[in-house]
1. How about segment 37-49: which of its residues are among the small types (Gly, Ala, Ser) and more than 15 Å from ARG15 (Cα to Cα)?
2. Please specify each residue of segment 1-57 satisfying the condition of being of a type in the set (Asp, Glu), part of a helix (DSSP H, G or I) and open to solvent by 40 Å² or more (accessible area, probe 1.4 Å).
3. From the list ASN41, ASN24, ASN29, ASN55, which residue is touching a Lys or Arg at 6+ places or on another chain (Cβ under 8 Å), among the polar types (S, T, N, Q) and free of Cβ contacts under 8 Å to residues at least 40 places away in the same chain?
Amino acid sequence: MNDQERIEVEAAAFRRLVDHLDNNKQVQNIELMLLADFCRNCLSKWYLAAATDRNIDLSDDEAREAVYKMPYSEWKENHQLPATDEQMDAFNAKRAAKSAK
């Protein structure tokens with residue numbers, strides 16, 4: 001595989017991941033963080049960082065919209081549920097364990 005083919009394959013995989021997340025809106029970001037240590041917000045931050053590294057002008061809102069496929073505020077209003085106490089306890093314990101390393 002040459003560099004251009006690799007870039008195209010990676011871009012296609014990214015688009016498929018975004019589509020998969022979009023098709024599974026019931027999966028909450030807190031659940032993704034607990035299971036995979038990343039969420040849609042992380043992905044949008046990585047997207048923004050990649051654009052910034054390449055001197056491409058992109059706002060945080062634009063990066064989030066690329067991942068959420070809608071304005072973040074709309075996604076939060078329509079799809080994000082409040083984290084349960086158990087989820088927050090697990091999330092905080094995971095963060096504390098990472099900090100202790």
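1. ALA49
2. ASP3, GLU5, GLU8, GLU10, ASP19, GLU31, ASP53
3. None of the other options fit; the residue is ASN41.
The values are calculated or read from the model by the stated rules, or taken from the named source; none is laboratory data. Since we're looking at a predicted model, the values are computed, not measured. A quick note on method: Cβ atoms are made from the backbone with ideal geometry, for glycine too, and the neighbour counts reach across all protein chains shown. When the accessible area is computed, the model is the full protein with side chains, heavy atoms only, and any ligands, DNA or RNA have been set aside. Shrake-Rupley method; radii C 1.70, N 1.55, O 1.52, S 1.80 Å.
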